[in-house]
Amino acid sequence: MKKVLITVIIVVAILLIIVGKGISTYNNIIALEEGVKTQWAQVENTYQRRFDLIPNLVSTVQGEANFEKSTLTEVMEMRSRMGGTVKLDESLMNDEAALKRFQEMQGTLGGALQRLMAVSENYPDLKSNKSFQELRVQLEGAENRIAVERKRYNETVQAFNTTIRQFPTNLVAGFAGASPKALFSADAGASQAPKVQFDIK
């Protein structure tokens with residue numbers, strides 16, 4: 001009878017340890033996933049910040065007589081195609097192809113903005129315009145923040161993806177419905193944050 005009791009106690013203790021470990025692992029997965037979502041929101045905020053600067057930038061540039069309209073039109077059309085806001089639907093995190101398409105669209109807009117700023121170098125009045133100078137600095141800051149937040153997002157996702165693929169965590173991850181998240185890829189030819197820099201004379 002004593003041996004049976006000891007065996008039951010040992011079995012119950014083992015089960016409690018397994019259940020406790022399972023709960024701890026589950027909670028850790030949830031915490032990591034929430035971290036990914038939080039960082040995703042930060043990426044969204046930085047894209048939105050750049051998006052919100054465009055109308056003021058366009059308005060300032062339009063005031064310059066004979067400014068090259070094709071570059072300005074490209075920026076306005078790209079922004080218009082994206083709609084009124086930058087909304088990174090969380091489903092993009094689970095769809096690598098969709099995230100890549102979103103990133104390509106943002107890259108096209110970023111390239112158009114860089115061309116717009118480069119063309120502005122040919123217009124001394126625009127370069128000396130205080131509003132334009134401030135917008136240029138804000139745009140540079142927005143571009144750099146986008147690169148930083150995307151990097152942080154990728155680091156957070158990498159930690160999450162690694163955790164849910166490891167044994168025995170992957171067993172709990174399957175139960176929790178956790179699946180790997182998509183990563184931002186490096187922009188074509190980019191090894192550092194995009195910069196918009198100009199010499200003021």
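Every number in this text was worked out from the coordinates using simple rules, so none of it is lab data. Here the structure is a predicted model, which means the values were calculated and not measured. We place every Cβ from the backbone using ideal geometry, glycine too, and count neighbours over all the protein chains shown.
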Mind checking which lysines have their C-alpha under 22 Å from Lys127, skipping anything on the same chain fewer than 8 residues away? Lys69, Lys195, Lys201
Dipole of segment 2-176, positive direction: furthest Cα of Gln48, Gln138, Met117, with charges on the beta-carbon: Gln48
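Using just the helices of the chain, give the 222 nm mean residue ellipticity in deg cm²/dmol: DSSP H runs with n ≥ 4 each add -39,500 (n - 2.57), and the total is spread over all residues, rounded to 500.
Calculated mean residue ellipticity at 222 nm is -26000 deg cm²/dmol.
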Considering only Cα-Cα distances, which of the following residue pairs are longer than 20 Å: Lys21/Lys181; Lys151/Lys181; Lys37/Lys181; Lys37/Lys151? Lys21/Lys181
Quick one: helix 96-120 against the long Cα principal axis of the chain, what's the angle to the nearest 10°, folded into 0 to 90? 30 degrees
For segment 51-66 and segment 72-104, compute the distance between their C-alpha centroids and round to whole Å. 21 Å
Semi-axes a, b, c in Å (a largest) for the chain, each sqrt of 5 times a Cα gyration tensor eigenvalue, come to 52, 14, 12
